[in-house]
Amino acid sequence: MMHSKDIYLRPLEIDDLPSRVKWFNDPDINRFLVSDYPVSLAKTKVWFSSACTDPSKLNLSICLVSTNQLIGMTGFLQIDQKNSKAQFYITIGEKHFWGRRFADQVIPLVLDHGFNYLRLNKIYLWTLTVNARARSVYERNGFVEECYLKQHLHCRGQFNDIIQHSIFR
Ligand SMILES: CC(C)(COP(=O)(O)OP(=O)(O)OC[C@H]1O[C@@H](n2cnc3c(N)ncnc32)[C@H](O)[C@@H]1OP(=O)(O)O)[C@@H](O)C(=O)NCCC(=O)NCCS
C-alpha cells in the first residue's frame, strides 16, 4: 500500500471492476483514453483474471484516506524489464474529484515505485492531442514531451494522433 496525505493506492480488486467499467463507459472520460468502448463487466472480469498475475502490468486503485472511497485507477502497462521501461496511466474516474490536484499525490507515489522498486530507467505515457488538462498535470510532475506520433492508434472509429511524454530515473 502506498500513502500520501489524501489518497492511498492499493492493488486493483475484483470488487473495483464495476467502477472501472463505469469510468471506461463514461464519454466524458473515454474521450481522453486510448481505448475503445463500451466495455462490459463480463469482459473486464476475464481481463482481470489474467491481468492480476501478469508481470507486465501493475494495476492500482486510488482511494481516499478520509473515507476509503474508490475514486480512480493508476499503474503501469507494458512493464518491460529488459529495457527497464513502463507505460504509466492514471484516471480519476469519480469526476467530482477532478480539480482537487489528487493526481499530484498519485503520480509521485507511482513514479517512486517504478524507479525505486521496479528499478525502471524510463517511464512514459501517451496523451491524446485533446487532453491539454492531463498534459499540464504531467508537466508539473516532471514528464517532458518526447515525440508526436501521427495516427498512431485507432479508437472510437478514427485514427488518433498521440503525444508521448517521458521521465527518466
Ligand atoms: C487527467 C486527470 C487525472 C487530472 O486530474 P484532475 O484532478 O482533473 O487535475 P488537477 O486538478 O490535478 O489539475 C488539472 C490542471 O489542468 C488545468 N487545465 C484544465 N483544463 C486545461 C486545459 N484545457 N489546458 C491546460 N490546462 C488545463 C487546470 O487548470 C488544472 O491546473 P491548476 O490546478 O493549476 O488549476 C483527470 O482529469 C482524469 O482522470 N481525466 C480523465 C482521464 C484522463 O484524461 N486520463 C489521462 C489519460 S492520458
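Picking from Gln87, Ser4, Phe102, whose Cα lies most toward the positive end of the charge dipole for the chain (charges on Cβ: Lys, Arg +1; Asp, Glu -1)?
Gln87
Given Cβ point charges of +1 (Lys, Arg) and -1 (Asp, Glu) and nothing else, what value in debye, to the nearest 20, does the dipole of the range 2-124 about its Cα centre take?
For the range 2-124, the charge dipole is close to 240 debye.
What are the trypsin sites (Lys or Arg not before Pro) within the range 1-60 that DSSP puts in a loop, where the Cβ has at most 10 other Cβ atoms within 10 Å?
Sites meeting the loop and neighbour criteria: Lys5.
Between the range 40-91 and the range 10-26, how many Å separate their Cα centres?
So the two Cα centres are separated by 10 Å.
Would you calculate a helix-derived [θ] at 222 nm for the chain, using -39,500 (n - 2.57) for each DSSP H run of n ≥ 4 and dividing by the full residue count, to the nearest 500?
Value at 222 nm, helices only, nearest 500: -7000 deg cm²/dmol.
Anything over 25 Å Cα to Cα? Flag those among Lys85/Lys150; Lys22/Lys43; Lys5/Lys85; Lys57/Lys122, in the order listed.
Pairs exceeding 25 Å: Lys5/Lys85.
Assuming R0 = 30 Å, can you tell me the calculated FRET efficiency for the pair Gln69 and Gln151, based on Cβ-Cβ distance, to the nearest 0.05?
Here the calculated transfer efficiency is 0.20.
Which residue, Val137, Val65, Val46, tops the fluctuation ranking in a GNM of the chain built on C-alpha contacts under 10 Å?
Val46
Need the full-extension length gain, Gln81 to Tyr117, defined as separation in residues times 0.36 nm minus the C-alpha distance. One decimal, nm.
Full extension from Gln81 to Tyr117 adds 11.8 nm.
For the range 79-140, compute Rh as the Kirkwood radius over C-alpha pairs and then the Stokes-Einstein diffusion coefficient at 37 °C and 0.692 mPa s; write the answer in µm²/s, rounded to an integer.
The calculation lands on 257 µm²/s.
So which aspartates and glutamates pass the test for Lys45, namely a Cα distance under 16 Å, with those fewer than 8 places away in the same chain ruled out?
Excluding near neighbours in sequence, the set is Glu13, Asp15, Asp16, Asp54.
Over the Cα atoms of the chain, each weighted equally, I'd like the Debye log10 I(q)/I(0) at q = 0.08, 0.16 Å⁻¹, rounded to two decimals.
Cα-only, vacuum Debye calculation for the chain: -0.22, -1.01.
Let me know the charge dipole size of the range 67-141 about its Cα centre in debye, to the nearest 20, where only the beta-carbon of Lys, Arg (+1) and Asp, Glu (-1) is charged.
My answer is approximately 140 debye.
Each value in this text was obtained by applying a stated rule to the coordinates, not by laboratory testing. If you're wondering where the values come from, they're calculated on a predicted model, not measured in any experiment. Methodologically, a virtual Cβ is constructed for each residue, glycine included, from the backbone with ideal geometry; neighbour enumeration extends over all protein chains shown.
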